[in-house]
Amino acid sequence: IAPVINILSPSTGFSIPEYEELEVTWEASDNIEMDSVRIYYSIDGGSSFQNIGQVNADVTSFAFNVPVGVTDTARIKLEVVDIYQNTGEGLSDLFSVTDNTPPTVAIDTPDDTEIGATLEFSWIADDNTGLSYHHLYYSLDDGQSFTFIDSVDGDSNSYDWVVPNAVSNETRIRIESHDLVDLNASDTSGTFVITDGIAPVINILSPSTGFSIPEYEELEVTWEASDNIEMDSV
């Protein structure tokens, strides 16, 4: 005569995140004496099971960390064995395992560039359920502080960035990727250089059209000049 086992938890409607501890509880009986209980876990409704542990027959619960894998058809199977090797089996109700795995992301280091240029940078991101969006940032001080650039869809893997009006030998790009349940991961590029390729502008005010002056007299030249960063000399 096979022993009998009834799984008490997890039950219908139960849900748990990946990697969290799940406690399985049961009640079992046998006409003579039980020997042990084997515990199995499935993410496909019971088409396949993996063994996750075994306990003595006097134990009525078992806790384990839920493996990676998001599903609405997780199931526990218990096999109870008596001292004469008769085996009884019990199946839990289906329950859900929710996403608890952050995405992965890696960003490429852009080439050196100039102020005002359109710089394309790219990245590779992945997630077990799906990506929601990416936040993009830049730093001019080797990553000590970052300035927000833009937010793009989760399907995006590149961005055209108009380089700001700043010179830096320690520029970095940072990306922060968020999945569908807002778990996130980030990566920062190596350093690259932003140079100033914009010439200053100068306008001579005097002398102007029609001006005349004798030889050996003092001529005063006046002008106005500006630059996007800083001028050095005239």
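Give me the percent relative contact order of the chain, please, defined on Cα pairs under 8 angstrom at least 6 residues apart.
That works out to 16 percent.
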Exercise. Along the Cα-to-C-beta direction of SER206, a point sits 7 Å from the Cα; which residues of segment 213-227 have their amide N less than 11 Å from that point?
Worked result: 219-223
For this session: Report the one residue of ALA199, ILE229, SER15 whose Cα lies farthest in the direction of the positive end of the charge dipole of the chain (charges on C-beta: Lys and Arg +1, Asp and Glu -1; origin at the Cα centre).
Result: SER15
Seminar exercise, completed: With the dipole of segment 23-74 defined by +1 on each Lys or Arg Cβ and -1 on each Asp or Glu Cβ, the option from SER48, VAL24, GLY69 whose Cα lies farthest towards the positive pole is GLY69
For this session: Report the dimensions of the chain along its three principal axes from the alpha-carbon atoms, largest first, rounded to Å.
Result: 129, 24, 21
Seminar exercise, completed: Rounded to a whole number, the Stokes-Einstein D of segment 104-234 in µm²/s (Kirkwood radius over Cα pairs; 4 °C; 1.567 mPa s) is 73
Seminar exercise, completed: With +1 on the Cβ of every Lys and Arg and -1 on the Cβ of every Asp and Glu, the dipole magnitude of the chain about its Cα centre, in debye rounded to the nearest 20, is 1160
Problem set entry | Solvent-accessible area per residue, Å², over the chain with all protein chains present [probe radius 1.4 Å] | 58
For this session: Roll a 1.4 angstrom probe over the protein heavy atoms and tell me the percent of accessible area of the chain that is carbon or sulfur.
Result: 45
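The values are calculated or read from the model by the stated rules, or taken from the named source; none is laboratory data. Computed from a predicted structure; not experimentally measured. When we count neighbours, we look across all protein chains shown, and the Cβ atoms used for this are built from the backbone with ideal geometry, even at glycine. Areas reflect the complete protein model, heavy atoms only, side chains present, ligands, DNA and RNA absent. Shrake-Rupley method; radii C 1.70, N 1.55, O 1.52, S 1.80 Å.
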